[in-house]
């Protein structure tokens with residue numbers, strides 16, 4: 001009986017040692033359970049917030065535009081020119097009689113763009129060209145008269161214009177915060193207009209009791225024109241966000257100015273959103 005008890009005690013001790021040894025081994029080595037991993041997977045590029053801004057891209061946009069038309073020197077020069085080399089110019093300025101108040105038109109704008117960005121660390125320089133469909137129009141007319149020592153002077157005008165569309169080429173300067181990039185943009189623009197800008201003038205003689213016109217009057221200058229090109233500049237800014245490695249969206253404000261298009265200056269204010277595919 002004593003021998004049997006010793007044998008059982010020895011077996012129990014051996015089992016205890018084996019159990020302790022297995023526990024020690026388990027503490028030194030990780031144990032895999034099924035398909036689970038004990039270490040976290042490395043973060044993906046999207047989660048880390050990094051993005052390569054360098055590359056070509058193409059996209060489209062839509063937004064809201066307010067276009068303001070106002071009288072420029074061109075219309076005033078037409079009016080003054082109708083009295084060139086006469087005594088009228090010594091008593092009054094006919095060009096001042098054709099001034100009009102600024103007038104606005106509003107509507108939807110849409111178009112497309114393409115460009116290329118170059119990243120230098122977090123600084124980004126880009127070049128972009130775009131086409132914008134506008135189709136906004138305005139009309140204005142004036143009629144004024146003045147009594148001078150030589151007779152009565154009458155000046156009437158029409159100042160109608162439609163901005164059909166425009167193109168511009170712009171430089172973009174941005175600073176990237178991972179997948180977010182605010183930017184400033186400036187460039188040149190060319191717009192396609194239909195215009196009807198004309199001035200008519202009459203000068204009646206005081207010696208005829210203001211009933212007869214001087215020789216050569218009435219006179220008319222200007223008239224309707226189609227596909228007239230106006231040139232100017234664009235400036236603005238916005239914020240871009242990379243949703244994926246090849247999809248970028250943006251919100252943008254752009255101011256474009258066309259100077260003296262057949263006597264009319266045109267300012268275009270546009271707020272828009274856009275999406276682009278990056279290559």
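The values are calculated or read from the model by the stated rules, or taken from the named source; none is laboratory data. The shown structure was predicted, so the numbers you read here are calculated from the model rather than taken from an experiment. Neighbour counts are summed over all protein chains in view; Cβ atoms, including those assigned to glycine, are modelled from backbone coordinates with ideal geometry.
Of all the helices (runs of 4 or more DSSP H) wholly in region 4-106, which have at least 2 residues that are within 34 Å of the chain's Cα centre (by Cα) and modelled with pLDDT of 50 or more?
Numbers: elements: 45-48, 73-81, 88-91.
Result: 73-81.
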Just the residues that are closer than 25 Å to residue 222 by Cα, more than 21 Å from the chain's Cα centre (by Cα) and either modelled with pLDDT of 95 or more or surrounded by 15 or more Cβ atoms within 10 Å (Cβ to Cβ) (or both), please, taken from region 107-140.
138, 140
Can you give me the number of residues within region 190-213 that are surrounded by fewer than 16 Cβ atoms within 10 Å (Cβ to Cβ) and either over 27 Å from residue 140 (Cα atoms) or out of contact with any strand residue (DSSP E or B) (no Cβ under 8 Å at 6 or more places or on another chain) (or both)?
7
Return the residues of region 244-265 that are surrounded by 22 or more Cβ atoms within 10 Å (Cβ to Cβ), assigned to a strand (DSSP E or B) and modelled with pLDDT under 95; say none if nothing qualifies.
261, 264
Would you please name the residue that is surrounded by the fewest Cβ atoms within 10 Å (Cβ to Cβ), looking only at residues in region 145-159 that are under 30 Å from residue 233 (Cα atoms) and in contact (Cβ under 8 Å) with a residue 60 or more places away in the chain?
157
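Give region 266-279 a look and list any residue that's over 11 Å from residue 161 (Cα atoms) and part of a strand (DSSP E or B), or say none.
Once the filter is applied, which keeps residues that are over 11 Å from residue 161 (Cα atoms) and part of a strand (DSSP E or B), region 266-279 yields 267, 268, 269, 270, 271, 272, 273, 274, 275, 276, 277, 278.
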